[in-house]
Amino acid sequence: QVQLVESGGGLVQPGGSLRLSCAASGIMFNIRDMGWYRQAPGKQRELVARISDYGITNYTDSVRGRFTISRDAAANMMYLQMNSLKPEDTAVYYCNAALRSTRWSDYSDYWGQGTQVTVSS
């Protein structure tokens, strides 16, 4: 059973910073790419940033230059450093991973439960 657990969310003032973490655990052969998504009230879930198993990253335009995604493959961890936070960054942030549990499995998507980020004065 694979689990993704996010942590690090909270309440921060505009201009502040937060660092989100995602821990992957369970039976895994390898993790291909990982990503952070977010969903604000009344809106669809959207991609924030993704990172491949080769370390190639991509960001949605609204966070580029402010957020940095990284991963520690050996520890099955992923991070999102969020700087210069704005009220419009308020959302539930979800961790996503494309992984396979055995050498012969297909890749499947897994999701965490989410962590709330609120940017408000």
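For the chain, the share of accessible area belonging to carbon and sulfur comes to 47 percent (1.4 Å probe, ligands and nucleic acids excluded).
The local environment of N83, defined by Cβ-Cβ distances under 13 Å, has a net charge of +3 under the rule Lys, Arg +1 and Asp, Glu -1. Over the stretch 27-77, accessible surface divided per residue gives 59 Å², non-protein components excluded, 1.4 Å probe. Across the chain, Cα pairs under 8 Å and at least six residues apart give a relative contact order of 36 percent. Using a simple spin-label model with pseudo-atoms 7 Å out from Cα toward Cβ, Q39 and T102 lie 3.2 nm apart.
The values are calculated or read from the model by the stated rules, or taken from the named source; none is laboratory data. Everything numeric in this text was worked out from a predicted model, so none of it was measured. Here Cβ is always computed from backbone atoms with ideal geometry, including for glycine, and neighbour counts include all displayed protein chains. Quick note on the areas: whole protein, heavy atoms, side chains included, nothing else; ligands and nucleic acids left out. Shrake-Rupley method; radii C 1.70, N 1.55, O 1.52, S 1.80 Å.
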